[in-house]
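Below is one structure, written out as structure tokens; the observations come after it.
The values are calculated or read from the model by the stated rules, or taken from the named source; none is laboratory data. Just so it is clear, the structure is predicted and the values come from calculations on it, not from any experiment. With ideal geometry, Cβ positions are generated from the backbone for all residues, glycine too; neighbour counts draw on all protein chains shown. The area values use the complete protein model at the heavy-atom level, side chains included, leaving out ligands, DNA and RNA. Shrake-Rupley method; radii C 1.70, N 1.55, O 1.52, S 1.80 Å.
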Amino acid sequence: MKLKAYLNSELTEAGCDEAGRGCLSGPVFAGAVILPKDFYHPLLNDSKKLSEPVRYELRTIIEKEALAWAVAEVSSEQIDEINILKASFLAMHRAIDKLKMKPDSLLIDGNRFNPYPNIPHKCIIKGDAKFSSIAAASILAKTYRDDYMNKLHAEYPDYGWNQNKGYGTAAHRSAIEKHGITIHHRKSFKLVEWDLFHQQ
């Protein structure tokens, strides 16, 4: 299915999406992207449906062709303080803050959002597979988060973050049971089958 270029042709729209919401470790990242109305690339799609090389190829194209783009993050510590849903919204707000031009409207992937001051928004379920700007935002959020987790992997190689990127794979959970947690783990998440934190 071809992605839609816009919801309203009269408005400057920024697509917004996050990456890493379901991870056990690392920040949640968000992207915000304003694309030209005539932007089209045949490979552009929801980042989850693309291979890693294609995501990085598209990132270069998006950053070159977008009218404005930004990426922001919220740390694992702040996720524990405010919860992952609020942290995802905050990451999107931070990305919107960084855009070099102010959009008239926001297209948000998902079904909920904390309104951004003075900019109306529309929540779109599976929006990253429907609108180009949201798909572009998903690619930026995912690739920048992957880069971040690859750097953390160099410091903490026991957890396989270069492979699992912080998601709760069997190998990642096994490493937590064996080595304990790091400062980058989300303590508010259920990290292993038994409650690790009351054991310490």
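In angstrom, the C-alpha Rg and Dmax of region 104-200 are 17.5, 50.
In the full protein context, the chain carries 50 Å² of accessible surface per residue, based on a 1.4 Å probe and ignoring ligands, DNA and RNA.
One decimal place: the segment Leu11-Tyr40 gains 8.7 nm when fully extended, by the rule 0.36 nm per residue minus the C-alpha distance.
Seen against the Cα atoms of the chain and their longest principal axis, helix 170-179 is set at about 40 degrees.
Residue by residue, region 144-151 carries 3J(HN,Hα) couplings of 5, 5, 4, 4, 4, 5, 5, 5 Hz when phi is fed to the Karplus relation 6.51 cos²θ - 1.76 cosθ + 1.60 (θ = phi - 60°); x denotes Gly or Pro.
Subtracting the Cα-Cα distance of Gln163 and Asn150 from 0.36 nm times their residue separation leaves 3.8 nm of extension gain. Legend: translational diffusion of region 53-97 by Stokes-Einstein, Rh = Kirkwood radius over C-alpha pairs, 25 °C, 0.890 mPa s; D = 205 µm²/s. Mean-square fluctuations from a GNM of the chain, with a 10 angstrom spring cutoff on Cα atoms, peak among Leu50, Leu24, Leu90 at Leu50.
Considering only DSSP beta bridges whose two residues both sit in the chain, what percent are antiparallel, to the nearest 5? For the chain, the DSSP antiparallel bridge percentage is about 60. Note on the chain: with neighbouring protein chains present and a 1.4 Å probe, carbon and sulfur make up 51 percent of its accessible heavy-atom surface.
The value of relative contact order for the chain, using C-alpha pairs under 8 Å at least six residues apart, is 31 percent. For the Cα atoms of the chain, what angle does the longest principal axis make with the long axis of helix 84-98, in degrees from 0 to 90, nearest 10? Tilt of helix 84-98: around 40 degrees.
At a Förster radius of 30 Å, what calculated FRET efficiency corresponds to the Cβ-Cβ distance of Lys178 and Leu85, to the nearest 0.05?
Approximately 0.50, to the nearest 0.05.
Label separation (Asp97 vs Lys190): 3.3 nm, computed from points 7 Å beyond Cα along the C-beta direction. Could you tally the net charge around Ala66, taking each other residue with its Cβ under 11 Å from the Cβ of Ala66, Lys/Arg +1 and Asp/Glu -1? Summing Lys and Arg as +1 and Asp and Glu as -1 gives +1. Taking the Cα centre of region 18-149 as origin and assigning +1 to Lys and Arg Cβ atoms and -1 to Asp and Glu Cβ atoms, the resulting dipole is close to 360 debye.
Looking at region 8-82, the pairs of alpha carbons with a distance over 15 Å make up 63% of the total. Taking 4 °C and 1.567 mPa s as the conditions, I'd like the Stokes-Einstein D for region 54-135 in µm²/s, using the Kirkwood hydrodynamic radius from alpha carbon pairs. Once the numbers are plugged in, D ends up at 94 µm²/s.
Using the structure shown, select from Lys64/Lys126; Lys130/Lys151; Lys86/Lys142 the pairs with a Cα to Cα distance greater than 21 angstrom. Flagged as over cut-off: Lys64/Lys126; Lys130/Lys151.
Note on the chain: Cα-only Rg and Dmax are 17.3, 57 Å.
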